[in-house]
Each structure stands twice: as C-alpha cells, then as structure tokens.
Amino acid sequence: MFTSLFLKMLNREAASRKNKSERIIESLRIQEGYRIADIGSGGGYFTLKFARKVGEAGKVYAVDTRTKYLDFVRRQAEREGLDNIIFVPAAGDEINLPQAALDLVFARNVFHHLTEPAKYFHNLKRFLKPGGKVAIIDHKPKAGFSFVSLFRHHTPEEFILQEMENAGYFLVESFDFLSEQTFNLFGVK
Ligand SMILES: C[S@@+](CC[C@H](N)C(=O)[O-])C[C@H]1O[C@@H](n2cnc3c(N)ncnc32)[C@H](O)[C@@H]1O
C-alpha cells in the first residue's frame with residue numbers, strides 16, 4: 001500500500017510540467033529497436049515511455065534494487081500490453097544485463113544513491129554497445145527546507161562530471177533546460 005502510494009508519487013513528480021519528461025526523451029534521440037537500461041526505474045514512468053518508443057524490436061531493462069518496485073512496474077506494463085520490458089533485480093552494484101547490448105543507460109535521480117559511482121559506471125561499460133551512451137539526471141543541491149535537501153537527494157554537477165571522467169567516460173552533451181536538476185550525456189572514452 002505504502003509502496004504503491006510512494007511510486008505513484010514518484011511518477012507524478014516525473015510527469016510534472018517543470019520536469020519536462022517529453023523534452024528529456026526528445027534529447028535522448030531514441031530510435032525504434034533501441035535497447036535501454038533504466039537504472040533505478042522506481043515507479044517506471046520512464047521505463048514505460050521508453051518501451052513504447054523502442055517498439056516491438058527494442059527492449060527496456062528496468063533495473064532496481066527493490067523487487068516490489070519492479071512488480072509495480074510489471075503490473076502497469078501488463079495493463080498497457082507492453083511485453084518488451086525485462087525486469088532486473090539488482091543487488092547493490094551487482095547487475096545482470098547482457099554484455100555489449102545497450103544503446104542507452106538512463107539514470108534519473110539515482111546517482112545520489114550510489115556509494116561508489118565511479119566504480120558503478122566503470123562496471124556498467126561492459127553492457128554498452130560501441131557508441132552507447134549514459135544519461136544522468138540528478139537534483140541540483142538547493143538551499144532551504146525541502147524533501148531533496150533534507151534527505152540529501154542531490155549531487156553537485158562537478159562531482160558527477162568528475163566521477164564519470166574517473167569511470168572512463170567523456171561528456172557528449174550537457175542540457176540546461178531543467179531548473180532543478182542537471183542532465184548530462186556521456187560516451188565511453
Ligand atoms: C528517487 S527514485 C528515482 C526513480 C526514477 N528513476 C524516477 O526518475 O522517477 C530512486 C530509485 O533508485 C533505486 N535504486 C537505489 N539504488 C540503486 C542501485 N544501486 N541500483 C538500482 N536501483 C537503485 C531505488 O530503489 C529507487 O527506485
């Protein structure tokens with residue numbers, strides 16, 4: 001019950017106007033047939049959008065450490081008749097994805113959860129196809145009292161850029177249309 005309310009809240013937040021989900025998806029230039037991993041898929045807002053976008057020939061891997069969250073997304077996918085989503089329970093940094101298979105790794109509001117982000121993204125490289133990209137969106141630190149600042153659910157952009165450099169990536173593009181989050185796209189060096 002609480003899980004479902006929480007995940008619906010996450011999905012409402014992802015869908016809110018100020019968070020510009022359509023513009024995010026446009027910026028990713030997703031094509032039919034793409035294989036995408038949605039790391040920390042949460043309530044599945046982006047997982048389901050990606051699944052529609054990549055079509056029958058594509059696949060979306062919904063990755064989360066919480067199996068209850070994956071079950072919530074699975075139920076929505078079944079209701080919507082989407083059968084191109086693979087649900088991948090992750091144990092911390094341990095993920096089971098196919099090697100050299102992904103066009104895109106997407107991680108929204110997850111970076112701040114990772115204890116060793118450089119190691120995490122270094123290990124993820126083996127799942128990317130040559131030319132595959134990693135998109136990272138996270139909250140900007142902000143002053144004052146809010147859910148994000150209270151629970152430190154944010155990451156300074158310089159830290160993300162440095163950790164990704166250490167993990168062996170280069171910056172492909174930085175998008176600045178989100179007022180409360182940073183959004184960067186990386187390729188493998
Ligand atoms: C704030 S939610 C973001 C959910 C979704 N990406 C969104 O934008 O609405 C963070 C999610 O990351 C998951 N998570 C945290 N650490 C993780 C890890 N190491 N691997 C995979 N998922 C993780 C959490 O269980 C949660 O579902």
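Once C-alpha pairs closer than 8 Å and six or more residues apart are averaged by separation and normalised to the residue number of the stretch 2-188, the relative contact order reads 17 percent. The alpha carbons of the stretch 90-189 stretch over 43, 30, 19 Å along the principal axes, in descending order.
Which trypsin sites (Lys or Arg not before Pro) in the stretch 1-50 pass both tests, a DSSP loop state and at most 16 other beta-carbon atoms within 10 Å? Passing both the DSSP loop test and the Cβ count: 29. Just the protein heavy atoms count here, and of the accessible area of the stretch 2-188 at 1.4 Å, carbon and sulfur take up 51 percent. Paramagnetic label reach from residue 113 (point 7 Å along Cα→Cβ; backbone nitrogen cut-off under 19 Å): within the stretch 1-38, residues 1-16, 36-38. Taking each of 8/59; 49/189; 59/119; 8/142; 18/119 in turn, the alpha-carbon distance tops 27 angstrom for 49/189; 18/119. Subtracting the Cα-Cα distance of residue 94 and residue 159 from 0.36 nm times their residue separation leaves 21.1 nm of extension gain. For a modelled paramagnetic label at residue 12, 7 Å from Cα along Cα-to-Cβ, no residue of the stretch 33-74 is in reach, as no backbone nitrogen comes under 11 Å.
In a solvent-free Debye calculation with one equal scatterer on each Cα, what is log10 I(q)/I(0) for the stretch 1-86 at q = 0.12 Å⁻¹, listed in the order of the q values? Taking Cα atoms of the stretch 1-86 as identical point scatterers yields -0.33.
The mean accessible area for residues of the chain, using a 1.4 Å probe and ignoring ligands and nucleic acids, is 52 Å² per residue.
Here the dipole of the stretch 30-189 is about 260 debye; that uses its Cα centre as origin and unit charges on the Cβ of Lys and Arg (positive) and Asp and Glu (negative).
Counted over the chain, the DSSP beta bridges are approximately 40% antiparallel. When the Cα gyration tensor is reduced to axis lengths a ≥ b ≥ c, the ratio a/c stays below 1.5 for the chain, which is therefore classed as rounded.
The values are calculated or read from the model by the stated rules, or taken from the named source; none is laboratory data. Every value quoted in this text rests on a predicted model; they were computed, and no experiment measured them. Because the Cβ atoms are built from the backbone with ideal geometry, glycine has one as well, and the counts that use them run over all protein chains shown. Quick note on the areas: whole protein, heavy atoms, side chains included, nothing else; ligands and nucleic acids left out. Shrake-Rupley method; radii C 1.70, N 1.55, O 1.52, S 1.80 Å.
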